[in-house]
1. Identify, from the list LYS56, LYS86, LYS71, the residue that is in contact with a Leu (Cβ under 7 Å, 6 or more places away or on another chain), of a type outside the set (Phe, Trp, Tyr) and at pLDDT 80 or above.
2. If I go through the stretch 1-40 residue by residue, how many of them are assigned to a strand (DSSP E or B) and surrounded by 10 or more Cβ atoms within 10 Å (Cβ to Cβ)?
3. Please pick out the residue among GLU77, GLU49 that is modelled with pLDDT of 85 or more, loosely packed, with under 12 Cβ neighbours inside 10 Å and not assigned by TED's automatic domain parsing to the domain that holds VAL10.
Amino acid sequence: MAKDKREIIVARKGSPVVLGVGKNVVYIEDDEIITVTDKGYSITNFNNEIIDKKIKELSISLEQIEKQGFKHFMLKEIYEQGDSVKNALAGRIDL
């Protein structure tokens, strides 16, 4: 992001990236770049070639995905603390 521009640019290399488009999503692959502006979005690769991707409809609500069956987000986060610490330390110390 730049102070004088109204755009966000995201490149994927390794970690998952999903672009939300209303109630739907676009799955981004490695070596793809998303540019989001006030007028919409575009996807290109590292060679600046335009990529036309299909928008996928989610079969469940975003809230259901995020809460994963817990009544409240806070409760979910409390139960995830052990896994979060374990994942953060994975590969750094022997568990």
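The values are calculated or read from the model by the stated rules, or taken from the named source; none is laboratory data. Note that the structure is predicted; figures quoted are calculated from it, not measured. Neighbour counts run over all protein chains shown; Cβ positions are idealised from the backbone, glycine included.
1. Numbers: LYS56 fails: in contact with a Leu (Cβ under 7 Å, 6 or more places away or on another chain); LYS71 fails: in contact with a Leu (Cβ under 7 Å, 6 or more places away or on another chain).
Just one listed residue meets the conditions, LYS86.
2. Residues flagged as assigned to a strand (DSSP E or B) and surrounded by 10 or more Cβ atoms within 10 Å (Cβ to Cβ) within the stretch 1-40 amount to 21.
3. GLU77
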